[in-house]
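Following: one structure in structure tokens, then a few remarks.
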Amino acid sequence: MKLQIGIVLVALMLCGQLNSQTSGISGNVVDKGTNDFIIGSPVILDGGLQATITSTTGQYSFDHLSAGQHTIEIIYTGYEKDTTIIDLKEGEQKAFLHTLQPAIFELNTVQVTA
């Protein structure tokens with residue numbers, strides 16, 4: 001009898017864990033001026049614990065995240081870095097639109113003499 005009760009309790013605990021809700025973050029990355037998708041942009045979660053790249057439609061997603069604070073960093077050559085801090089609740093799914101600003105690089109004048 002005790003063995004049967006123990007088995008039932010373990011089964012209930014496992015079912016509770018399997019049914020627990022997980023949180024997720026998804027988004028799109030676009031150019032601020034043109035609204036074109038930015039394809040292949042690295043998207044870094046929590047300083048590198050997870051990372052992915054954007055799809056051909058500028059999309060990314062992170063699933064099965066714990067509740068709490070998370071940081072998304074998007075770094076792409078020719079654009080300014082985008083950092084977003086996110087507070088997730090248990091079972092919450094959040095979606096973002098990241099608009100990357102093209103970086104402006106100014107060069108100094110070079111004088112050539114012969």
(request) Among the aspartates and glutamates, select those whose C-alpha is under 19 Å from the C-alpha of K32, and discard any that sit fewer than 8 residues away in the same chain. (result) E73, E80, D82
(message) What does the net charge come to around K94 if you take all other residues with beta carbon closer than 13 Å to its beta carbon, with K and R at +1 and D and E at -1?
(response) -3
(request) Collect residues whose amide H, placed 1.01 Å from N in the peptide plane, falls under 5 Å from the amide H of Q50; neighbours closer than 5 in sequence don't count. (result) L45
(request) Determine the gain in length on full extension of the stretch T77-K32; use 0.36 nm per residue of separation and subtract their C-alpha separation, reporting nm with one decimal. (result) 14.8 nm
(request) Calculate the spin-label point distance for L107 paired with H64, positioning each point 7 Å from the Cα along the beta-carbon direction, and give it in nanometres. (result) 4.8
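FYI, it's all coordinate maths here, none of it is from the lab. Computed from a predicted structure; not experimentally measured. Note that each Cβ is placed from the backbone with ideal geometry, even for glycine, and that neighbours are counted across all protein chains shown.
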